[in-house]
Structures are given as structure tokens and as C-alpha cells.
Number of protein chains: 2
Amino acid sequence: MVQDWRGLVAKKRAEVAKELPEEWRLSKDVLDTINANADIAVLDVPAKCGLLTAKELEITEKYDAVDLVAKMSAKELSSSEVTLAFCKRAAVAHQVTNCLTEMFFQKALERARYLDEYLEKEGKPVGPLHGMPISLKDSFNLKGINSTIGYVSFIDRPPSETNSPLVDILLQNGAVLYVKTNIPQTLMTADSDNNVFGRVMNPHKLKLNAGGSSGGEGALVAMRGSILGVGTDIGGSIRIPAICCGTFGFKPSVGRVPFGGQTNPVLDGWTGIMPVAGPLARSPRDLRLFLEAVIKTKPWDFDYTALAIPWHPVPEKKTLTIGVVLECPTWLVAPPQLRAMKTATDKLKQAGHNVIMLEKFPSFKEATELSWAFFDIDNEMTGFKHIEASGEPMVTSVADMYTLPPEGRKVKSLGDLLDMNEKYLKFRQEWLKIFVDNKMDVILAPGAHKTAVPHDTFRYPPYTVMWNLLAYPACIVPYLKADKSIDHADPRIPEYDPDIVDGAPCSIQVIARGEQDEELMAAVELVSKAIGL
Amino acid sequence: MVQDWRGLVAKKRAEVAKELPEEWRLSKDVLDTINANADIAVLDVPAKCGLLTAKELEITEKYDAVDLVAKMSAKELSSSEVTLAFCKRAAVAHQVTNCLTEMFFQKALERARYLDEYLEKEGKPVGPLHGMPISLKDSFNLKGINSTIGYVSFIDRPPSETNSPLVDILLQNGAVLYVKTNIPQTLMTADSDNNVFGRVMNPHKLKLNAGGSSGGEGALVAMRGSILGVGTDIGGSIRIPAICCGTFGFKPSVGRVPFGGQTNPVLDGWTGIMPVAGPLARSPRDLRLFLEAVIKTKPWDFDYTALAIPWHPVPEKKTLTIGVVLECPTWLVAPPQLRAMKTATDKLKQAGHNVIMLEKFPSFKEATELSWAFFDIDNEMTGFKHIEASGEPMVTSVADMYTLPPEGRKVKSLGDLLDMNEKYLKFRQEWLKIFVDNKMDVILAPGAHKTAVPHDTFRYPPYTVMWNLLAYPACIVPYLKADKSIDHADPRIPEYDPDIVDGAPCSIQVIARGEQDEELMAAVELVSKAIGL
């Protein structure tokens, strides 16, 4: 059991390093500044490092995915040049944030050439994602690529023999896959750190966390090393990286974007709160591009866990009725995030939306406790056995949140689960009443009570996990930045330090009811417009 | 604990009897022929008994619900006269099959008058079910009406203070509610028999079972005492009554027709195979009328357990690709049902549909065992505690299926549930592969390996429960009748007795993939047309 886990890690890291071409390596003076205590932003490194051509900078900085697909489909750009640009930029992003796990640039460039030839020959694009490089969280499986999801005990597993259903769908739509992104050990913390690949750093300030579990995606998309990436979310894992890194992050309803066929830290028969897959992006319309492309491909033909709910058109609304949760009494919202919420609320009112400040709502404390009870339903503790299997230690954020008390873990019974289900249904009932009584379209709430924070201090995510518990879709909209000159210290929130988080992205969260991904998408577009994005 | 349960039952029965007007009672010579061993059909009693006028017979026999709503909306018929006709016919049906639990004819007639006045005053119908009498399984709650669901221990519960969400939806659409229908003790057998209301008999032959658990609905709809009724189904409880009584019975996907707010024999936190509500009817277009009316009312605004999946239009197809399961090796299909299947298959081929005989498919035996393991997840055995609470005995069909072995019941663990989930997902995976590999639209399979059979002998329903396990929608289409002159004894199936089941309805079952209720509805219409219904 106790193997030379460090030896395995060294071997794996050497293999990964080989995939990073020499000619794309940053200079020593840049690399010397990079560490998890550094108080620096690295967002401008791609532009300044000299590794990308002017055109590559233009490709990666000037457009969103909708633009790029249009240009590639119109042959104004080739997939080969777009893919090369994003491969290079991802390589740079990785060197300054440690956001990647697997790089397969050659495969990606071959795929791009195929797509260019296809377009030339057939006179039409392969699909709505034609030529577009898309990044994937490490848990997605691709034929021939490893999926260690940060477990040392998974290093010696053979490369995947199958694609996750979502991978097949993206390929069928014309996407180019080129990198997989870094995650936390167990996938169950907001600090994307593990013993295999190390820690993801926040490109806005390296000493801050990039969020998790899709933290590599957050950092990569913030760096524009990808402008459309795929994460997964069971408690906030798409949205927390979006919050920390300042991107959009859309957590769909359960079963709409296929989650199946991934490398998973838990048992196959998992029940309770179900994980979902969804996009991180830079614009609302790129979220829509992804969601429509995927759902219109009928994921239920690919994945037996997907639901057969066709994408439906939503009647156009000019004004929304928005119920606002400003903060819950247990987790007070730090000044930068509260300012984002209040500013957004004001702008939504100014834009003519009907804003209802919700004073009474179900307890975020109880919802968070109940959610963590659901996350703990596997009495086998499978996710932790994978740690023990190699002798590697828990990383700090995992140890902080999941070290068992001296008396050990209380085994959960089937009766406990049924009791938890009953409590969960009460939450569904109470929130439905709020929606119906107020004739609300969506909820506006903080995505978190904090911005990105120093590594290993993020802990519980009550403002995201509420919506996982309810199986409601929810989307992070990046908005404003922490500014120590206006976001002063607040004696109610001693852990908030204006200096440390100065410059960190702020955000708001828009939430719709279960299965209303179309309604949420439309609301995110309206909200983004109203707040000036 | 041990109360005078017989006294409670006598009191309840006397109360119910008061709701049956004297002037609607059948003559003693008819009533003397009615018993659960009688080898007679009672379908013609309403026409022959002299209690219904010629117009009432026309209303209840000549039309389906689509016709009646059209005529009421056009003021060619009033809801008052339609309601009175169905109240009388339901009263007659009850006296010959024991299909009802609660009758509230006066309330119904008041409601009908209100609807007639509304139409007169407003010049438009209340909704797509304007004026239409709809019957409900006893488990649905209506303000002021009891829901004993056949438990003696529930007799002294006060009448319901709330409507089930589906009840509110039906009322909002203009329906008239007038009766609730009989069920089995525990709702978990195919023999609708309980100590409170007694046993439902099959109107095609009283000595045969009417199916269950929505057995009262089956008998009532077969008698045309209702032409549109609502049942519930967790293992076949809409479809088995449809099979036994010769009606259509549509089991929707989970969460599409709201199931919430019923009186339930199980714990609120129930998980695993989820029950659904759905219609029993006399024509495919009445199924569609019900499903579209309900789902277009947005059940998710009424019921926190409902899914927000809008009704979607289905591209019109002229030919379907149909995968046929003729029989499984464990439960061989009795000659009448097998003839219905083979005849239907031939007619579908003749009509140009693409019929694929499936030779390999997942085990119905394993699926049935797994389903019963799911039905047994409540270690509290709540449904059986409600029996014990009054001292009443188990009825025969419950005792036969659920008497514990001498060593008692094995407590299930949370790990057992996760293992069961894993097995369930394998079934989803295997069936998806069959659908995709064969490019199938729907499956055609028997609804049961038998027709209605002598009381208390129906037992396990492998051909219905498979689709509950998968959460696939499934619909029974009534087709042909058992005929001893052609459905000869089969040595492979010793329990099949051509004489006993002679004249019993036969049927086929059409199954679509999860959430594809719209696709199933369209397929049921095409299949019905192809086989000459």
C-alpha cells in the first residue's frame, strides 16, 4: 500500500512537462516571480512574454467563441491558427498559474487541420463549434489521455479507452480539445490543489485561490488560454472558480449537459445531490453557444444519465421580476461582493426590472449542513480511499475540511438518507412558494460571501451549494473588482482583509428554478446587459 | 392499538353508502347476481338497468372526452347534464364492481352549474377540460374529502384540508371532480382489495381482478362511469388496471404530471423508483387532452416535486422504428396476450412501420427483483405499520406477496441502496444502447404476461415494472380479447386457463425513453391507428 508516492508524482510530472514545447517556455525571470505567495497578477504575461504573435494575441484577446466560430466558418480564420494560438496561450497560462493537468497540443493541431480540410472540401462547417478549442476539467475522459483527477493512486492507470459522452458531443459539433485542467484532491474543496499536479494560482493575484473544484478552468479562462471551458459542479465547482477568477460560470440543471462517463472519485451508485457539467466562459452568448450546441445534439442519445429535455425557446421578456437575496445571517457577505450585489441591484432597478428584496428565505446554514450530509452518504468513503491507496497525504484544504474527529465517522443509515430527502423536499417547497408568491423569474444572490481569498481558506460555499441542493440552475456573472479604497474593513467580518483581496474579481449569481436553463440563460443575458456587461 | 376495526369499517361504509342516492340504486335482482365469484360481465348494466335516460346513455357511451368538451364549450351540452350522466353511471358502476371509495355528487353538480354559468356569462370555457367529469384514485386529496387509501387506521383522520396540486390544475382547466376510486391495501398489489372498501371486481367478468393499484379507475373507466380518470403508478398501477379492464393507461415520465400532495403509504423522503400520476382513458386523444392540459398549466408552479419540462411539439412521423419484446424467458406470455402482441406486430408491419424483433435485452427477472428491492427501501416498513395500527389483517394479495419470512426482514443499508442504484444504471445503459443501435423510436412489449386473472393470483408485474425502474414512460393500448376458441391451453404455461379468462381484454404496451412523453403520445396514436383502433 505505501508506495513511493513521490516517485510516482515525479514520473508523472516529467511526462506532463514533455508535452510543453521548449519554444513555448517562459523566460527564467518571469518564472522566478511565480509562486503561491506572490502578490502579483499574471494576466498580462501572455501579451508581454513575446511568445505569441500579434495575430495570436488578437485571436485570443479580441473575440469570444461566437466570433471565432463565425470567422472560422467563414474562412476568415483557420481552426489551425486559432488552435495554435490557444495552445500557446494555454501553455503560457499554465506556467504562471499551474492550471493544466494534461496537454495534447499535437492531437489538437491535427484535429484542427482535419476541420480546416473538411470545411474546404465540404464547403460547410462540421457544426456550431466548428474549429473552436475547448478546454476540459481533468475528470472528463478522452481516448488515449489519462484522467488522474489528482490522485497519486490513479497515476498508473492506463489512459482512457473511451470518451465521455460530452466529449463525443463536443467533437460532433466541431470542437477542438487541447488541454485538461487542474482540480483539488477529492474534487471537494475550493482550493484546486493536489499532490500530483500541485496548486492552481489565481491569475489576478497568485497568492489567492483560483476556486475549485474546476479551478484550473477558472484560471485558464481568466488568462484567455481558453475562452470556453467545461467544469463540473456538485456544490459550486463551476461557479466558485468563476467567482474567484472573474469569469462566467453556468451550472445547468441536473441531467441537461451530460455528466456521465467521467473519472469520478465516488461510487457509481451515488445518490442525493447529483453533480452536473457546464461551461465557464467570457460572455453570456458563449454560454448560450455551448448550451444550445450540446443540448441540441440530444445528450440522451449519448449518455444514459442525461435527461431527454429538448432545448426550448423562451418567450422574450423585456423586464424580469427578480428576487434578491443580499446575504444570509450566518455568512455575512464581505464588502466587495456586497457592493457588487448592491450596485447590480440598483442598475437592474434603473433598467426597469422589478426587483423584490427577499427578507425571509430558507436557512443557508441548514441547507449547507444538509448538503454536506448528502456529500457524506458513501459509508465506504471512496474518495478518501483513493488517497490512502498511495500513501499520499491529504492536501491542506482537504485535511481542514474532512479530517475525521477522533471518534471516527458516524455510519449513515438508509433511514438517515430518507430523513435527509424529506428535509431537502421542504427546501424545494419553501423556495417554490417564494417564487410563486412573488411571481419571480429568477433569484439574484451572491455567489459567495467572499471573493478569492488566500489559499486554503475558502472553505464552505453556502451561496452556491443551496442551488445544488435544490437542483436549480445557477450562473455566476463577473462584475466589478475588490477595491480597498472603497471596500473598507467591516468589524462584523473580521476575516475580510481589504489589502489582501484588493483587485480580486467580484460577481453576482443568477438562479432559476429546476430545469429552467433556458429561462436562466435569457435572464443572464438581460441582467448582464442591465449592469453594463 | 387493537381497536374495533370492524366497527370503524362499518361506520365508514355507512357514511359512504349515504352518498349513493336512493333513486340511483340498482334493483335487488341485479344486485343479487353481483359477487367476486360470479362468471358474468356487467358492462351492459348501465344501459339495461333503466336508471339512465336515453340522453344520459348517449352522453356516456357515444363520445370521448374531446367530443364532450367540444360540445360543452359550444353549449350543445351543458356540464350539468354531462356531470349528472356520469354521476349516475358511476353510481351504477360502483354497485356492480365496487370501484368507488368516495362519492361527492352534489359538490360535482354545483361545480357543473358554476361552469355552465361561467360559460354563459363570459362567453368562453374555463379551460381545455371545461365541464368534464374526471375521476381520481383515492390517494388524491380534495378539500373536505377523506383519503383513507384503504387503511382502517386512516378512517378517523379528518377530511383533507388541501387539494393535491394535480387537483388544483384540473380545476383550473375546468374539470368537474365527482368520485374517488378504490385501491389495494398498501397500494402495492394488482388486486384492488382492502378492508375498508372491499374488493374491486372486473366488469368484463366479476370473478377476475380489475388490476391495481388504480383498480377502481380501471373498472370505472371500463364501465364508462368515467371516461377520463387519474391513477398513479410505481410498478404498473395505472397500466395493470388498464390491462385487466381494457382501457388505455398512460404512465408518464417521473415529474411531468404532478404526483405531489397525495395521501401516501410511504415516507415523504422516499427514493429509488419514483411514483407518477397519469390518465386512464378510452381513446388516445383523451390521453393527449389530459397530458397537454396538465403539462401546459405548468405543474412546476403547483408542485415542488414536478419537473419544469414544457410540453414540446414532436415532428410528425409517418413510420416508426419499433423494437418488439415478445416475451421474456422467465415470464412466458399467455396465449391471448401473445396473440395480441403478434397481431399488432403484423399490423404495424403492414402499415409500413419498421419493426425490429429484439432477441437480446436486459433481464426482466433481474429488473423485477431489483425493483422490489427498491420498493423495500423503507426499513420502517411504514406502509405495513398503517395496517398494524388498527389491528386489521393483511388482505390476501398483500399477505401473499409481503408476509415476512420467519427470520424477519433483512435491514437494508445505505450501501445496499448505492449498489442498487449502480445496478439500475446498468439497465439504463443497456436499454439506451438498444435504442441507439437500432435507431428505435419506441418499444412494443406486452403490458403483462397475462390478462386479468382470478382474484389474488396476479402477483408480480415484470412487464410493467421494468419501465418504472428505467423511469421510461409507457402506455397500455387495449387490443383484442381472450378467446378460448383460439387461445388454447399451452403446456409451457400451466396457470393459463382458457375458460376462466375467456372474454378478458388483451392489450399491448408502447414504451418510449425517459421524458419522451410527447414522443410516446404520438407513437400511441400511430400504433392505435395501425392496429385499427
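When every residue of the stretch A:213-223 is checked against the conditions, at least one turns out to be farther than 19 Å from A:G447 by Cα and either outside the structural domain of A:K48 (by TED's automatic domain parsing) or in contact with a strand residue (DSSP E or B) (Cβ under 7 Å, 6 or more places away or on another chain) (or both). Screening A:K385 against (1) under 26 Å from the mean Cα position of the chain (by Cα); (2) over 16 Å from A:M188 (Cα atoms) leaves a single unmet condition, (2). Count of the stretch A:84-135 residues, restricted to those that are in a helix (DSSP H, G or I), under 23 Å from A:V9 (Cβ atoms) and either out of contact with any Gly (no Cβ under 9 Å at 6 or more places or on another chain) or acidic (D, E) (or both), is 3. The residues on offer are B:F86, B:F105, and the sole one that is of a type in the set (A, V, I, L, M, F, W, C) and either closer than 19 Å to B:F259 by Cα or buried (at least 24 other Cβ atoms within 10 Å of the Cβ) (or both) is B:F86.
Pairing each residue of the stretch B:448-465 that is under 11 Å from B:M401 (Cβ atoms) and modelled with pLDDT of 95 or more with any residue that is in a helix (DSSP H, G or I) and among the hydroxyl-bearing types (S, T, Y), provided the two are 6+ apart or on different chains, yields C-beta distances under 7 Å for B:D456/B:T396; B:D456/B:S397; B:Y460/B:T368. The set of residues in the stretch A:333-354 being buried (at least 19 other Cβ atoms within 10 Å of the Cβ) and outside any helix (DSSP H, G or I) consists of A:V333, A:A334, A:H353. The number of residues in the stretch B:134-155 being more than 17 Å from B:P279 (Cβ to Cβ), in contact (Cβ under 8 Å) with a residue 60 or more places away in the chain and of a type outside the set (A, V, I, L, M, F, W, C) comes to 5. Can you name every residue in the stretch B:513-533 that is more than 14 Å from every other protein chain (Cβ to nearest Cβ) and either assigned to a loop (DSSP other than H, G, I, E, B) or of a type in the set (S, T, Y) (or both)? The answer is B:S528, B:I531, B:G532, B:L533. Residues of the stretch A:21-78 that are surrounded by 12 or more Cβ atoms within 10 Å (Cβ to Cβ), of a type in the set (A, V, I, L, M, F, W, C) and assigned to a loop (DSSP other than H, G, I, E, B): A:L26, A:I34, A:A36, A:A38, A:I40, A:A41, A:V42, A:L43, A:C49, A:L51, A:L52, A:L77.
Looking across the stretch A:44-67, the residues that are of a type in the set (D, E) and closer than 17 Å to A:L280 by Cα come down to A:E61, A:D64, A:D67. Among residues of the stretch A:156-170 being in contact with a Leu (Cβ under 9 Å, 6 or more places away or on another chain) and crowded, with 19+ Cβ neighbours inside 10 Å, the one that is farthest from A:A277 (Cα to Cα) is A:S160.
Do we have any residue at all in the stretch B:397-406 that's within 30 Å of B:E518 (Cβ to Cβ), surrounded by 15 or more Cβ atoms within 10 Å (Cβ to Cβ), more than 7 Å from chain A (Cβ to nearest Cβ) and in contact with a Gly (Cβ under 9 Å, 6 or more places away or on another chain)? No: the stretch B:397-406 contains no residue that is within 30 Å of B:E518 (Cβ to Cβ), surrounded by 15 or more Cβ atoms within 10 Å (Cβ to Cβ), more than 7 Å from chain A (Cβ to nearest Cβ) and in contact with a Gly (Cβ under 9 Å, 6 or more places away or on another chain). Filtering the stretch A:171-192 to residues that are surrounded by fewer than 24 Cβ atoms within 10 Å (Cβ to Cβ) and within 30 Å of A:H449 (Cβ to Cβ) leaves only A:M188.
Scanning the stretch B:422-444 for residues that are in contact with a helix residue (DSSP H, G or I) (Cβ under 9 Å, 6 or more places away or on another chain) and either facing chain A (nearest Cβ under 7 Å) or charged (D, E, K, R) (or both) gives B:K423, B:R428, B:L432, B:V436, B:D441. Taking the numbered list (1) under 16 Å from A:P505 (Cα atoms); (2) out of contact with any Pro (no Cβ under 8 Å at 6 or more places or on another chain) in turn, A:G211 passes all entries but (2).
Let's see how each residue does on (1) closer than 21 Å to B:D268 by Cβ; (2) modelled with pLDDT under 95:
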| residue | (1), (2) |
| --- | --- |
| B:K385 | yes, no |
| B:E392 | no, no |
| B:G408 | no, yes |
| B:N421 | yes, no |
| B:F427 | no, no |
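The set of residues from the stretch B:1-18 being buried (at least 16 other Cβ atoms within 10 Å of the Cβ) and either farther than 15 Å from B:Y151 by Cβ or under 27 Å from the mean Cα position of the chain (by Cα) (or both) comprises B:V9, B:K12, B:V16. For the stretch A:477-533, a residue qualifies if it is among the aromatic types (F, W, Y) and within 14 Å of A:G249 (Cα to Cα), and exactly one does: A:Y479. Of everything listed in (1) part of a loop (DSSP other than H, G, I, E, B); (2) closer than 30 Å to A:A522 by Cβ, the single unmet condition for A:N379 is (2).
Residue pairs whose Cβ atoms lie under 6 Å apart, separated by 6 or more positions or on different chains, with the first residue in the stretch B:371-392 and within 14 Å of chain A (Cβ to nearest Cβ) and the second of a type in the set (S, T, N, Q), are B:G383/B:T186. For the stretch A:479-511, the candidate set comprises residues that are in contact with a strand residue (DSSP E or B) (Cβ under 9 Å, 6 or more places away or on another chain) and polar (S, T, N, Q); within that set, the residue that is nearest to A:V524 (Cα to Cα) is A:Q509.
The values are calculated or read from the model by the stated rules, or taken from the named source; none is laboratory data. Keep in mind that what you see is a predicted model, and the values were worked out from it rather than measured. Neighbour counts run over all protein chains shown; Cβ positions are idealised from the backbone, glycine included.
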